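The structure appears right after this line, and notes come after that.
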């Protein structure tokens, strides 16, 4: 085990301040909710502009704290601000309100029906636990904060201890922008420390929580959220093995590309992404093992997020090495550079049959955070099906098939069925890393990939922080603008079960 | 306390059979999922027809077991079959699949974007805990079963002990119909007994649960669902006080109607509905207390669901009587008829000021299952706001305002804000009982009204049993029919963020 200088301890926000932050968030909630969609969208856009304008400074601080390179971090800031702008656009359309109107029907066969007008309202203050592996996109101004603010919810952000100065710099910009656009005090605040996070999670003002991190940490917080006197939804994205299947028909010409793609994907960010493909399942008679092994040897050593991350990785890797039936195809190494930073080179583990994988499935089919992956050889598609069926919930399952002749034979029906059953995203001839931020995206999956049915990436992520309310027989003047018959906000509506476009004039 | 013959003990389905039912449900899941929306809709319609055809028999059995009158029960069967047909219609449109497509964008400013196609898939076997107070509409073939089957999920139904013969008769029809339409074995089964229910809730094959009942029972089950190795969503509808506010401006001509409506609503089904309005808040200077008192005296005694229900009601009522500051305006009585059935007449409790309500809020602002309600006099709208702010989550808040001049003055802004914050449905100049089954309906609310953000009534209830899956870059032949570009199922889709009607020809 490499001995490294440990990270500085995480300072704890004092208890009184945690309580104050939660209470101020609750006071801000009705005020922030009253911002029109337009005004909230503008605020998110101004925030995106401000972060973009500060990219150099933010990247400089983060590069120092995280071990990530400047290009990767610059891309992540761009992703973060693109994400904020996409939520802004979505909020502007009003589609997130899901306005649904059923007109009164005095002659309904089951008895007279009242008029019902439903929309989505913000749940209230949201506690966001920032992630360590994405210091921008899943941290202070990341997808959870963006989707909560977009939904109309104040945010209390628990910073990740891995990048305290990056968090402080980002939080400073968020607070400054929100004050500038006239958002109420308390609509955003940051706390630090594990105990502070738990205290906030128990605070009665907090109405929902979001988390990205480990299964162990996430489950502990999930349990706290569920056991409160008033339980709250805990939207956690915990862990995933993200298996990749290469089907038997993949021709020789496609294999080198698959090998290179797999290695690039699992070593991206030095293997510290939640969508890292952890297991490659290849047919016995293919030369994939050699191709992948060769590609891994080309990848340079790189830093990991923190000395603790390196420790955890080395422990987990030793466990995998010790498992029966594994061959170390590439032995990754940890070296320490002149500045005292550990550099970790990728490793690759071979498992020569499904029988051997089955033997040590408990150890091998669990996420390993860091630059290692398994290549497992299989005899038949039925064996792959067996492994997918035994797998815990995953964020993704990827399938590589012959590009030229993509027709599924009957034998792939069950494989597809299982892929869909075990994962939130099924990827074809591509890699799970690089989660596109779009409307259709789903970043989630059965437990432990996620603790709720919602996505944490893409515009649908705002749904986590909304709940429906219906108005029955309300006089027009008592209705919120989004529900008024004259549709002053020009939002799209579903009326009597039929979609009505946003620009339909009132009748 | 009236001494009554207790109900027969609830027989327990043997453990091995519970395990078998859950396991068969899991085997049925992929088969039932593969039924086209059309075929599933047909099955629900055939089931509705079969229940309608057996109405007389079902009502006869239920009248004997529940103490409800035949007219009420006949109406409930109609509600149940109307509900099944409405889910069938909804499934037929494919709208519930929420198909969302983002086309590939190789030139996106944040980097090339893959094609993503998302839809909703069934979560898997659902455990439904039937309710006691609606032997049809929230029981064996009720809203939870209908919405789970509609979503494509098998159902293991835990029967309510209050109406075992009604449950068995209904389950017989459900099983017969499902077999007749070719649904797989295991797509529906019924178990009985408290321990059997808990065992099924812990079964790894069960992927979601639905419940309608008490806060105590529901919370115990919620805790079990959340503490499983793989936690599952527990959609519970637990308890609600359903406050009603009469605003100061209501003119004399409207008051008699309000008094009569309130009494009819809180004594409907002898006060055993989850939407029973439990608290009427009226201005001090109005004659509402007298009007309500007079109306209550007109209501005849009626049976309750079971001897245990009567016992529980009498205990709870004694607690309310004992609370400081309450006046017994009408003392309900329990008499026993010749057949040994307890008949309970409604009671009415007065609280003459908000200060007195505040004193005993813990006892008074909690649901009381049975024919009693509170009339509370207030001095100012601010006092009403204070009560709403202190209230636990509710299914409904109702507001009675002058019908002739419905303009809200500024002083009602905060009241509306609080109503929306504390409830899932805000009702104007009408009563919360009689929950319309429509698209826009929301029957739920903040905890303890519900344990999730979803509705349990209306077509949106099927959303509880669906989860999103996205396909990335999938060859057309690998896509499920609902996601294929040619749209063979003719489902409505959202493409690149814009709604595309169901009949748009493929491009």
Bridge type composition, chain B - antiparallel percent by DSSP, nearest 5: 40 percent
Degrees, to the nearest 10: A:381-390 long Cα axis against longest axis of chain A: 50 degrees
Label spacing, shortest first and in nm, from residue A:14 to its equivalents in the remaining copies (7 angstrom along Cα→Cβ): 6.6
Chain B: angle of helix B:37-53 to the longest principal axis, Cα-based, in degrees nearest 10: 40 degrees
Inter-label distance, nm, simple model (7 Å from Cα along the C-beta direction), residue B:105/residue A:198: 4.3 nm
Per-peptide average of other Cβ atoms within 10 Å, ordering A:240-249, A:174-183, B:238-247 highest first: B:238-247, A:240-249, A:174-183
10 Å Cβ neighbours from other chains, averaged over peptide A:92-104: 2
For region B:270-343: rounded, prolate or oblate by the Cα gyration tensor [a/c cutoff 1.5]: prolate
Axis-proximal residue, chain A, for the rotation superposing A on B (Cβ, Å): A:226, 2
Highest average packing first - B:105-115, A:136-146, A:364-374, Cβ atoms within 10 Å: A:136-146, A:364-374, B:105-115
Stretch gain in nm, segment residue A:49-residue A:72, where the contour uses 0.36 nm per residue and the Cα spacing is subtracted: 6.3 nm
Degrees separating the helix B:15-34 axis from the principal Cα axis of chain B, which is the longest one: 60 degrees
Beta bridges per DSSP with both ends in the protein assembly as shown, % antiparallel, nearest 5: 35 percent
Within 10 Å of each Cβ in A:259-267, the average number of Cβ atoms from other chains: 0
Pseudo-label separations to other copies for residue B:379 - Cα-to-Cβ vector, 7 Å, nm: 8.6
FRET efficiency for residue B:27 and residue A:286, using Cβ-Cβ distance with R0 set to 35 Å, rounded to 0.05: 0.55
Ranked list, fewest to most other Cβ atoms within 10 Å of each Cβ, for A:331, A:276, B:158: A:331, B:158, A:276
Global geometry of region A:243-428, whether rounded, prolate or oblate, following the gyration tensor of its Cα atoms and the 1.5 cut on a/c: prolate
Computed label-point distance, nm, for sites residue B:477 and residue B:19 using a 7 Å Cα→Cβ extension: 4.3 nm
At 7 Å out from Cα toward Cβ: residue B:411 inter-copy label distances (nm, ascending): 7.9
Average other protein chain Cβ within 10 Å of Cβ, residues B:432-438: 5
Relative packing of A:222-230, A:304-312, which averages over residues the other C-beta atoms within 10 Å, highest first: A:304-312, A:222-230
FRET efficiency, residue A:36 to residue B:165 (Cβ-Cβ, R0 60 Å, nearest 0.05): 0.60
Footprinting exposure proxy for A:89, B:38 (fewest neighbouring C-beta atoms within 10 Å first): B:38, A:89
Prolate/oblate/rounded label for chain B (Cα gyration tensor, a/c 1.5): oblate
Ascending count of other beta-carbon atoms within 10 Å, so fewest first, for A:78, A:103, A:90: A:103, A:78, A:90
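The numbers here are math on the coordinates, done by the rules we state, and not lab data. Since the model is a prediction, treat every value here as computed from it, not as a measurement. Glycine also receives a Cβ, built like all others from the backbone with ideal geometry; neighbour counts cover every protein chain displayed.
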